[in-house]
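Remarks on the structure that follows.
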Amino acid sequence: MSERNSSQQTAPRWRRRLLRNPLAIAGFAFIGLFVLVAAFAPFIAPYSPVEQNLRGTYVPPMRIEFRGPEGQPGLWVREVSRTPLGQLEVGEELYPLRFFVRGEPWSWWGGLLKSDLHLFGVDGPVKFYLLGADEQGRDILSRLCYGAWISLSIGLIAVAIGLAVGVPVGLLSGYYGGTFDLLAQRVVEVMLSFPGILLAIVLVATLGTGLTNVMIAVGIAAIPVYARLVRGSVLSLREREFVEASRALGSPDGRLLFRHILPNALSPIIVQSSLQMAVAILFAAGLGFLGLGARPPEPEWGLMLARGREYLATAPHVATFPGLAIMFVALGFNLLGDALRDALDPRRG
Amino acid sequence: MRTKLLALLALVLALPIALGQGRTLIIAQGTDPTTLDAPLATDSPSATVVNHVVETLFEYTPDGKIQPLLVERYSFSSDRKTLTLYLRKGIKFHDGTDFNAEAVKFNLERLISQELASAFAFLLRGRVTAFEVVDSHTLRLRMPEPFAPVLAHLTHSSTGIQSPTAIRRLGVGYRDNPVGTGPYKFDRWQKGQFVELVRNEDYWGRKPAIERLRFLAVPEAATRMALVETGQAHVAVRVPPQDVQRLNARPEIEVVTTPSVRTIFFYFNQSKKPFDDIRVRKAINHAINKEEIVKFVLGGFGRVSDAPISPGIFGYTKVGSYEYNPNLARQLLAQAGYTAQNPLRITIHSPNGRYLQDIRVTEAVQSQLRAVGVQAQIQTLEWGAYLAATNQPRERNEIQMAMLGWGTVTGDADYGLYGLFHSSQQAPNGFNRGFYANPRLDRVLEQARVATNPQARQQLYRTAMQIIYNDVPWVFLHSEQQVTAIRREVQGFVVHPTERLIASGASFRTSAER
């Protein structure tokens with residue numbers, strides 16, 4: 001009986017186990033929402049993430065009225081603006097809030113998707129800040145939406161870099177051993193001896209700030225984690241009977257590695273990737289917070305949080321929402337990673 | 001048991017009062033000093049510390065008068081080409097060296113020397129050509145032509161008189177260890193954190209009441225405010241506008257507003273593209289809505305600039321401000337060859353924490369520029385590195401457009417105009433960091449230095465500022481107001497219009513007085 005057959009039989013079982021875990025569902029929900037928002041950021045965001053409105057600086061989240069001027073039901077908002085002295089002024093007039101409205105045109109996915117449709121908007125010369133505005137009068141909701149895209153791309157690219165370098169290094173290192181293993185593992189140990197965030201900071205300091213460099217730095221910081229993980233799996237797998245059998249039949253190394261060993265080492269890699277997404281997003285936000293990541297006015301969550309901190313006493317919402325966004329996305333990936341680990345654990349069920 | 005608890009409670013409650021009566025006054029500045037050697041200190045946070053240690057011959061009082069400090073009296077010859085200074089007697093530097101005419105001569109000659117390369121050499125260089133020691137406490141300054149702003153310039157912190165012995169002994173290390181005649185002595189400097197000064201027990205004048213001063217470097221406004229709110233600092237500079245009301249509502253804190261002679265601007269590096277083109281410089285000026293910035297970013301704690309210097313300075317007249325006109329800005333950019341397909345891309349350098357809301361102002365500018373199709377990137381640097389980057393010689397200067405502020409701290413236009421716009425003052429010699437040059441302006445500024453008639457000088461400065469306005473070397477932004485939070489247990493603390501903080505006359509109120 002080959003190992004591949006048995007893993008095919010267990011596939012539905014782990015899936016069932018995953019879907020029965022409420023934490024996994026919560027993780028899926030957070031991640032699903034996050035990916036959806038990132039994928040359709042300009043549609044969900046009512047405004048541009050960088051457009052300033054100095055007359056609406058750090059306006060708190062706005063209230064929605066459910067009765068119109070003549071008492072008719074619906075969603076209505078008032079104009080809220082700030083006087084030079086810092087007081088809030090709430091307008092008298094009510095403007096209707098509508099869904100699927102035409103607004104600022106946008107293009108997304110590198111120009112593949114072009115439209116001027118937005119999920120919601122105000123019918124009138126008034127801006128509606130669902131989650132409030134920041135110190136430049138920029139809509140926090142819109143910034144969070146576009147920021148989701150930034151976080152998602154950082155996470156995906158960083159994990160991709162980690163996979164692309166860490167997995168081959170781990171495979172070769174574990175399979176062949178010898179001098180290569182010795183050298184590669186010493187490098188990995190040096191990298192692992194630094195806390196990940198410190199390694200990322202050092203790398204960004206060397207490469208220079210900016211989003212691209214953050215992706216590269218966070219990706220590099222993930223390499224040793226994968227290299228170590230994959231090497232461990234390979235070390236145990238290469239001694240197993242099905243590998244021995246295939247080798248006895250004269251399979252070349254490449255076939256052994258990619259047909260027999262790698263597929264069986266996949267589950268820890270998948271679990272690690274989910275956790276690593278959370279780590280990458282947190283690192284990127286951390287770097288942004290320290291001023292080493294995204295540059296203003298990019299709507300990167302960590303940067304938004306850092307800016308909002310200065311207004312904690314007067315306008316707590318500016319820091320709260322980016323903080324919550326980071327928390328929920330990191331939590332989502334962590335929950336999913338944990339649930340995947342439980343579900344894929346061969347010792348269970 | 002209960003009495004014990006009560007006693008503990010009383011102790012805890014009494015603690016803040018006891019702390020408030022500490023003998024150290026803690027001042028939270030936005031940045032760390034860059035140097036403590038008087039002629040090399042080019043920023044107010046450095047000058048503020050230096051001025052407690054090192055004194056000048058004359059002082060510029062908070063109400064705008066020039067009066068003798070280290071000199072007892074002075075006299076001009078009838079042709080106004082000789083200034084005789086009669087120095088105060090019996091003063092010693094903190095290291096025991098005598099304060100005398102030789103020491104003053106040493107310091108002033110050092111200021112204008114080529115080796116020191118002080119950016120403030122222009123204050124006297126070429127204008128005062130000989131320093132003659134008449135006797136131990138009398139010094140004569142010889143000038144080839146009358147030099148109207150000489151007394152004003154001798155109030156400037158860079159002309160401070162420091163111990164010649166210490167300078168000779170310490171060499172380059174002197175900048176970390178200043179020795180003067182002032183009310184406070186230098187104690188220690190934890191770079192990046194604080195400078196601490198200790199009272200000079202042998203001070204010649206009125207001895208300060210507070211024993212120690214500690215100047216903290218706290219770049220982030222929110223942290224500065226938290227420090228003063230929790231009593232970990234007594235004074236915090238640059239209260240962000242959004243915090244003014246909240247702090248004022250607290251009984252233990254007073255928010256003090258003081259006018260400032262500081263003008264905030266972006267200068268253009270004219271030595272390279274794209275700002276060698278006057279149309280681009282004008283376009284940027286028209287694209288920026290200065291009124292909105294002053295109103296909403298500064299919360300009204302400022303004034304839109306209508307001249308390169310601010311009102312209250314001798315020589316000021318209104319010359320105007322480039323009106324906010326995004327359409328005109330777009331047209332000018334198009335004429336210069338920048339369109340939607342080929343947008344102007346620039347990097348703006350900005351300090352963070354040095355000036356009131358500085359990074360916010362830059363972000364607002366970035367956003368307003370985007371509205372006319374200019375793609376600007378913001379680059380911030382730590383203050384010391386920032387000043388160094390702006391002061392690179394032409395070939396190595398990477399700056400395109402950068403924010404700086406200039407306080408005309410002598411109260412005389414010569415200081416605000418000659419040092420910033422005369423072509424001889426291009427970086428790294430002086431403060432003309434955008435490599436601006438106009439021979440006609442040079443001539444007018446030179447004439448204004450030697451003219452003796454105040455009305456004639458006023459007229460010359462008007463002409464000079466007109467030329468500057470037309471050549472657009474800057475984005476003329478605003479002049480600041482200083483908004484300072486001071487805890488009420490401190491009295492007699494002075495915020496000078498020149499942005500110096502003066503703690504020499506400050507004292508702690510006893511709890512009974514409060």
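Brief remarks on what is shown
- Test: residue in segment B:418-435 that is open to solvent by less than 40 Å² (accessible area, probe 1.4 Å) and either under 30 Å from A:Pro49 (Cα atoms) or without any contact (Cβ under 8 Å) to a residue 12 or more places away in the chain (or both): no
- Qualifying residue in segment B:204-215 (condition: basic (Lys, Arg), out of contact with any strand residue (DSSP E or B) (no Cβ under 9 Å at 6 or more places or on another chain), open to solvent by 50 Å² or more (accessible area, probe 1.4 Å) and within 14 Å of chain A (Cβ to nearest Cβ)): no
- Considering each residue of segment B:321-336 in turn, none proves to be within 14 Å of chain A (Cβ to nearest Cβ), among the polar types (S, T, N, Q) and part of a helix (DSSP H, G or I).
- When residues of segment B:213-255 are limited to those that are assigned to a loop (DSSP other than H, G, I, E, B), more than 19 Å from the chain's Cα centre (by Cα) and of a type in the set (A, V, I, L, M, F, W, C), the one nearest to B:Ile26 (Cα to Cα): B:Ala233
- Selected residue (only one of B:Ala283, B:Ala287 is crowded, with 24+ Cβ neighbours inside 10 Å, within 14 Å of chain A (Cβ to nearest Cβ) and under 29 Å from B:Ala371 (Cα atoms)): B:Ala287
- Answer from A:Arg259, A:Arg295 - the residue that is basic (Lys, Arg) and assigned to a helix (DSSP H, G or I): A:Arg259
- B:Thr263 being at pLDDT below 95 and away from every other protein chain (no Cβ under 14 Å): yes
- Among the residues of segment A:306-317, at least one is within 13 Å of another protein chain (Cβ to nearest Cβ), open to solvent by 50 Å² or more (accessible area, probe 1.4 Å) and either modelled with pLDDT of 90 or more or under 21 Å from A:Ala200 (Cβ atoms) (or both).
- Every condition in (1) on the phi < 0 side of the Ramachandran plot; (2) in contact with a Lys or Arg (Cβ under 9 Å, 6 or more places away or on another chain); (3) open to solvent by less than 60 Å² (accessible area, probe 1.4 Å) holds for A:Arg63 except the one numbered (3).
- Annotation note: of B:Val228, B:Val198, B:Val172, the sole residue that is free of Cβ contacts under 8 Å to residues at least 40 places away in the same chain, under 18 Å from B:Ile502 (Cα atoms) and out of contact with any Ser or Thr (no Cβ under 7 Å at 6 or more places or on another chain) is B:Val198.
- Output for segment B:132-167, where each listed residue is outside any helix (DSSP H, G or I) and of a type in the set (A, V, I, L, M, F, W, C): B:Val133, B:Val134, B:Leu139, B:Leu141, B:Met143, B:Phe147, B:Ala148, B:Leu154, B:Ile161
- Selection status of B:Lys295, assigned by TED's automatic domain parsing to the domain that holds B:His349, more than 21 Å from B:Ile348 (Cα to Cα), without any contact (Cβ under 8 Å) to a residue 12 or more places away in the chain and open to solvent by 40 Å² or more (accessible area, probe 1.4 Å): yes
- When segment B:100-131 is filtered for residues that are β-branched (Val, Ile, Thr) and under 23 Å from B:Val450 (Cβ atoms), the ones remaining, listed by number, are B:Ile112, B:Val128, B:Thr129.
- Considering segment B:231-260, and only residues there that are out of contact with any strand residue (DSSP E or B) (no Cβ under 7 Å at 6 or more places or on another chain) and within 12 Å of chain A (Cβ to nearest Cβ), the residue that is nearest to B:Phe186 (Cα to Cα) turns out to be B:Pro240.
- Listed conditions (1) away from every other protein chain (no Cβ under 14 Å); (2) surrounded by fewer than 19 Cβ atoms within 10 Å (Cβ to Cβ) are all met by A:Gln87, apart from (1).
- Residue check for B:Arg140: of a type outside the set (A, V, I, L, M, F, W, C), in contact (Cβ under 8 Å) with a residue 12 or more places away in the chain and touching a Pro at 6+ places or on another chain (Cβ under 8 Å): no
- Residue match in segment B:434-455 (condition: touching a strand residue (DSSP E or B) at 6+ places or on another chain (Cβ under 6 Å) and on the phi < 0 side of the Ramachandran plot): yes
- Residues within segment B:157-182 that are open to solvent by less than 10 Å² (accessible area, probe 1.4 Å) and within 21 Å of B:Gln67 (Cα to Cα), tallied: 8
- Filter pass, A:Gly103 being more than 14 Å from chain B (Cβ to nearest Cβ), over 30 Å from B:Val294 (Cβ atoms), among the small types (Gly, Ala, Ser) and not in a strand (DSSP E or B): no
- Count of residues meeting criterion [assigned to a helix (DSSP H, G or I), among the polar types (S, T, N, Q) and over 15 Å from B:Tyr322 (Cα atoms)] in segment B:456-490: 3
Residue-by-condition table, conditions (1) more than 27 Å from B:Val297 (Cβ to Cβ); (2) under 14 Å from the mean Cα position of the chain (by Cα); (3) within 14 Å of another protein chain (Cβ to nearest Cβ):
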position: A:Ile25; (1), (2), (3): yes, no, no
position: A:Gly32; (1), (2), (3): yes, yes, no
position: A:Leu54; (1), (2), (3): no, no, yes
position: A:Thr57; (1), (2), (3): no, no, yes
position: A:Pro61; (1), (2), (3): no, no, no
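- Residue check for B:Leu417: part of a helix (DSSP H, G or I) and either within 14 Å of chain A (Cβ to nearest Cβ) or within 30 Å of A:Glu310 (Cα to Cα) (or both): no
- Test: residue in segment A:320-339 that is assigned to a helix (DSSP H, G or I), touching a Gly at 6+ places or on another chain (Cβ under 7 Å) and within 14 Å of chain B (Cβ to nearest Cβ): no
- Selection from segment B:327-357 of residues that are open to solvent by 10 Å² or more (accessible area, probe 1.4 Å) and within 20 Å of A:Gly208 (Cβ to Cβ): B:Arg345, B:Thr347, B:His349, B:Asn352
- Residue check for B:Arg360: within 14 Å of chain A (Cβ to nearest Cβ), assigned to a helix (DSSP H, G or I) and open to solvent by 30 Å² or more (accessible area, probe 1.4 Å): no
- Pairing each residue of segment A:116-139 that is within 18 Å of A:Leu324 (Cα to Cα) with any residue that is open to solvent by 50 Å² or more (accessible area, probe 1.4 Å) and assigned to a loop (DSSP other than H, G, I, E, B), provided the two are 6+ apart or on different chains, yields C-beta distances under 6 Å for A:Leu131/A:Pro61; A:Gly132/A:Pro61.
The values are calculated or read from the model by the stated rules, or taken from the named source; none is laboratory data. What you see is a predicted model, and the numbers here were worked out from it, not measured in a lab. Note that each Cβ is placed from the backbone with ideal geometry, even for glycine, and that neighbours are counted across all protein chains shown. To get the accessible areas, we keep the full protein, side chains included, count just its heavy atoms, and leave off ligands, DNA and RNA. Shrake-Rupley method; radii C 1.70, N 1.55, O 1.52, S 1.80 Å.
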